[in-house]
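Taking it in order: structure first as structure tokens, then the write-up.
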Amino acid sequence: MSRDPASRTELLQGTLDLLILRTPQLGPAHGHAIGKYIQRTSEDALKVETGSLYPALHRLEGYGWVAALWELSAKRKRAKYYRLTAAGSRQLASEQSKWAKLSRAIGLVLKPPNQEPA
């Protein structure tokens, strides 16, 4: 079965960290819930594969941007819950600002405000 590259949205490098940092801002969440939240809120345009999600969570934990704690899930299974730290909150604000500037700049290139219609 071949994959249609146009049907999948690839994440820009560094964007996954931003999306993950945004999710536990709503409260502690386990890895699977973080991935599902990103997929659901992006209207299924973004699907974070396990092979990308957990290494990113471990990296963010290593930076001190998220903290993890083992707890029982709603299904009574042991799961690692991630919460945003104060440093993570500052990093999230910084990354959101960078993303806003980048997306505005790309928008300007794609549709310059003073360009006459072709």
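Mind checking which residues of region 15-47 are touching a strand residue (DSSP E or B) at 6+ places or on another chain (Cβ under 8 Å), closer than 23 Å to Ala100 by Cβ and surrounded by 18 or more Cβ atoms within 10 Å (Cβ to Cβ)? Those that are touching a strand residue (DSSP E or B) at 6+ places or on another chain (Cβ under 8 Å), closer than 23 Å to Ala100 by Cβ and surrounded by 18 or more Cβ atoms within 10 Å (Cβ to Cβ): Ile20, Leu21, Thr23, Pro24, Ile34, Tyr37.
Sub-8 Å Cβ pairs linking a first residue in region 67-80 that is polar (S, T, N, Q) to a second residue that is surrounded by 10 or more Cβ atoms within 10 Å (Cβ to Cβ), at least 6 apart or interchain, are Ser73/His30; Ser73/Ala79, ordered by first then second residue.
Each value in this text was obtained by applying a stated rule to the coordinates, not by laboratory testing. These numbers were taken from a predicted model, which means no experiment stands behind them. All Cβ positions, glycine included, derive from the backbone under ideal geometry; neighbour counts span all protein chains shown.
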